[in-house]
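Below is one structure; the comments refer to it alone.
The values are calculated or read from the model by the stated rules, or taken from the named source; none is laboratory data. Note that this is a predicted model, so its numbers are computed, not measured. Here Cβ is always computed from backbone atoms with ideal geometry, including for glycine, and neighbour counts include all displayed protein chains.
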Amino acid sequence: MKVAIVHEWLTTYAGSEKVVEQMLEVYPEADVFAMVDFLPEKDRGFLKGRKVRTSFLQNMPLAKKKYRQYLPLMPLAIEQFDLSSYDLILSSSHAVAKGVITGPNQLHISYVHSPIRYAWDMQHQYLKESGLQRGLKGALAKWMLSRMRMWDYRTANGVDYFIANSEFIASRIWKVYRRESSVIYPPVNVNAFSYREDKEDFYLTASRMVPYKKMDMIAEAFAMMPDKKLVVIGDGPDMDKVKAQAAKAPNIQVLGYQPDAVLIDHMQRAKAFVFAAEEDFGITPVEAQACGTPVIAYGRGGTLETVRGLGVAQPTGVFFEEQTAAQVVAAVRRFEAEGGAIQAANCRKNAVRFSPESFRKKLQQHVENKLHQNTRQAGSVQAVL
C-alpha cells in the first residue's frame, strides 16, 4: 500500500508537525508533501532524511519569510500535487491540506486541527488584528476570505473520513462542512515532562505572547493579588503589555523566552499552571499535568476535554468562565480554597491519555477500520454489478 502524508507547510516543529511525526511512525514508508519546506536542520530529525515534495510556492519571492501572504494561491498549490499513484492519503490540515485531489479508488482521511480559522468564525477577529476592517485592502481581504470559504466547503467533499483533534473541533467540522468526524487527540510527549509531587509557592503561565493567549490579562489578575507570585515564560508581540503589568507588581516575574529545560523545571515546581486561551486542544495544560501540576484554565475549547474540573472524580484543575482578570482572580481564590481535592498523581494519570503511543494506536486502528470498510463496500458494489 502506497501512503502519502500531506501537510500545509513545514517551517517549525510544533503541534501539527508532531502529528505528522507520529503518522510517519505508523507509516514509515510514506511520502511527505508540503506546500513549502523551510524547516531548520535542527528540527528535521523526525523526517529521517526524507525529501519533502513541495509546491511552486517554495520558489516564490520571499516565500521563506512571507509564505503566509501567498494564502490566495494556496488552494491552487495544494491541488497541483499528483497523488494518483497512492492508495492512502493522510492530510494534516489546519488550512488547505485537505483540499488535495484524490480519485474514487483512493482513501483520503483528513486529520483536522481546525477548519481555516481566519476564513470562518474567527474572520472578524483576524481582520481587526490585521487592520483590515476598512479601505481597499480590507475589501480585498474580505473578498479573498469569501472565496476561500467557498473553496474550503467544496473540497470537504473530497475527504472520505474526517478525524478531529478534539470534540471542540469536531463540532466546528460539523458546523462548517456538515460532516461527522472521529476524535483522536493529538500526541503530547508526556514522558519529557517528569512527574513531581512537591510544589513551591508560585504560579506559572507560559505561552507565545499573542493577543488570543491573554497573557497580559493573567498578569493583570496577579497584579490584583500582590500576595501571589506569578512567573511568566514566553515572548511575542504582547510582551510590552505583560511587562507593563509586571512593572506595577513586584510579585510578577517575567523571564521571557526560555529553553525547554527551564520551562519544564518551572512546570514541575509550580503550585498551578494558569492558561487563559480558547484553544482547539491546548498542549501546554497537558504538559503541566504530566508534571503533576494542576491547571487553572478558561473553560472553553479543548481545555474542557484535557482538564478535569473541580466537582468531578479525580479533578486536575479549576475553570473560569470569562476571559477577565476578575475571573482569573476568582479561580485562583477557589483553587486555594478547594485545591486540596486535586492530587498530583491524578494530574499525571490524566495527561498520559494523550501520549504519542496512544495516538499511534488509535490512528492505526482507525485507518485499518476505514480500509476494511471501504473494501467491504467495494465488494458489495461488485456483487450488485
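Numerical summary
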| quantity | calculated |
| --- | --- |
| First in the stretch 49-71 and at pLDDT below 95, second anywhere and aromatic (Phe, Trp, Tyr), Cβ under 9 Å, 6 or more apart | 63/38; 63/70; 64/38; 65/38; 67/9; 67/38; 68/9; 71/118 |
| Residues satisfying the stated conditions in the stretch 288-345, i.e. more than 18 Å from residue 212 (Cβ to Cβ) and among the polar types (S, T, N, Q) | 289, 293, 314, 316, 343 |
| Matching helices (runs of 4 or more DSSP H) fully within the stretch 284-385 where at least 3 residues are hydrophobic (A, V, I, L, M, F, W, C), in the same structural domain as residue 232 (by TED's automatic domain parsing) and over 30 Å from residue 107 (Cα atoms) | 325-338, 344-351 |
| Counted residues, the stretch 224-250 - those being of a type in the set (A, V, I, L, M, F, W, C) and under 11 Å from residue 328 (Cβ atoms) | 3 |
| Positions within the stretch 177-216 being of a type in the set (A, V, I, L, M, F, W, C) and either assigned to a loop (DSSP other than H, G, I, E, B) or crowded, with 20+ Cβ neighbours inside 10 Å (or both), in sequence order | 184, 188, 190, 193, 202, 204, 206, 209, 210, 215 |
| Per-region count, the stretch 25-52, residues crowded, with 17+ Cβ neighbours inside 10 Å and within 20 Å of residue 102 (Cα to Cα) | 8 |
| Criterion violated by residue 219 - all others in (1) crowded, with 24+ Cβ neighbours inside 10 Å; (2) over 28 Å from residue 356 (Cα atoms); (3) in contact with a Gly (Cβ under 8 Å, 6 or more places away or on another chain); (4) among the small types (Gly, Ala, Ser) satisfied | (3) |
| Residue 14 being surrounded by fewer than 18 Cβ atoms within 10 Å (Cβ to Cβ) and either small (Gly, Ala, Ser) or on the phi > 0 side of the Ramachandran plot (or both) | yes |
| Hits in the stretch 229-266 (condition: among the charged types (D, E, K, R) and over 20 Å from residue 284 (Cβ atoms)) | 240, 243, 248 |
